[in-house]
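What follows draws every value from the coordinates through simple rules; no lab data is involved. Because the structure is a prediction, the values reported are computed rather than measured. Note that we place each Cβ from the backbone using ideal geometry, even for glycine, and neighbour counts take in every protein chain shown.
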Ligand SMILES: [Ca+2]
Ligand SMILES: [Ca+2]
């Protein structure tokens with residue numbers, strides 16, 4: 001290196017070397033090379049004529065890595081979504097069985113769409129159906145509670161409470177709870193007697209504290225146009241998009 005030549009080295013480790021030299025050469029040429037460390041930079045400052053990765057090659061590698069990472073993220077996201085759908089289907093299936101047991105226990109019917117049928121005044125007209133379902137399955141009146149889900153699967157999206165323990169539920173307070181699906185949204189429930197003309201309160205749902213209220217319209221068969229699950233009940237998960245009436249909804253079969 002002469003007095004007229006400056007030489008800067010960085011990344012002296014095993015991977016890359018970054019060299020700028022001849023900054024003050026008579027020809028005023030600046031050379032910028034990114035080299036792999038297996039090609040050591042000669043003291044003379046001259047290239048070996050056997051270049052490592054060029055900037056374009058590096059960019060191509062970065063783009064390919066970016067594409068591969070994107071594909072991996074898409075795959076993981078799809079797997080998680082599928083797992084939540086399966087979890088929701090299993091939950092709804094369990095609730096369907098619990099509703100059948102509820103009826104067989106001597107209640108003579110499935111849980112109603114509203115706890116107003118138990119002659120109480122409701123604090124609001126939101127999530128009536130799922131609150132009634134939760135309260136009925138948590139009842140201890142005719143045996144052990146049929147609600148066998150974990151505490152963290154219970155919500156109270158509209159933060160409401162009854163004036164008393166309506167069904168002799170096992171909860172230690174009067175909160176009107178909802179059951180959460182695999183996506184963290186409150187499920188919706190409707191007794192078949194309300195399919196035809198559900199009241200505003202019995203169709204109004206709020207699945208998440210931050211979501212706007214929506215309307216649960218009982219589902220009909222696209223073929224026969226008849227209500228699904230006639231003479232029984234419908235349980236609906238709004239699915240990943242958090243909205244009822246869309247293709248990703250998960251329902252009791
Ligand atoms: Ca409510
Ligand atoms: Ca509630």
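Starting with the highest mean, order 202-208, 139-145 by the number of other Cβ atoms within 10 Å, averaged over the residues of each peptide.
My ranking of the peptides, most packed first, is 202-208, 139-145.
Return the distance in nm (one decimal) between the two label points of a simple spin-label model at residue 200 and residue 87, each offset 7 Å from Cα along Cα→Cβ.
Label-label distance for residue 200 and residue 87, simple model: 3.6 nm.
Starting with the highest mean, order 221-234, 119-132, 152-165 by the number of other Cβ atoms within 10 Å, averaged over the residues of each peptide.
119-132, 152-165, 221-234
With label points built 7 Å along Cα→Cβ from the Cα atoms of residue 213 and residue 73, find their separation and express it in nm.
About 3.8 nm, to one decimal.
Counting other beta carbons within 10 Å of each Cβ, put 192, 169 in order, fewest first.
Placing the least packed residue first, the sequence is 192, 169.
Would the stretch 88-251 count as rounded, prolate or oblate if I go by the C-alpha gyration tensor, calling it rounded below 1.5 in a/c and otherwise prolate when a/b exceeds b/c, oblate otherwise?
Judged from the Cα gyration tensor, the stretch 88-251 comes out rounded (a/c under 1.5).
At 7 Å along Cα-to-Cβ for each site, give me the label-to-label distance between residue 120 and residue 247 in nm.
It is 4.1 nm.
What is the order of 69, 190, fewest Cβ neighbours within 10 Å to most?
Fewest-to-most Cβ neighbours within 10 Å comes out as 69, 190.
Take the alpha-carbon centre of the stretch 107-137, take the same for the stretch 193-214, and report the distance between them in whole Å.
13 Å
Kindly identify the stretch 172-219 as rounded, prolate or oblate by the Cα gyration tensor criterion: order the square roots of the eigenvalues as a ≥ b ≥ c, call it rounded if a/c is under 1.5, otherwise compare a/b with b/c, prolate if a/b is larger, else oblate.
Cα axes put the stretch 172-219 in the prolate bin.
Just report the Cα centroid separation between the stretch 50-94 and the stretch 139-188, whole Å.
Between the Cα centre of the stretch 50-94 and that of the stretch 139-188, the gap is 38 Å.
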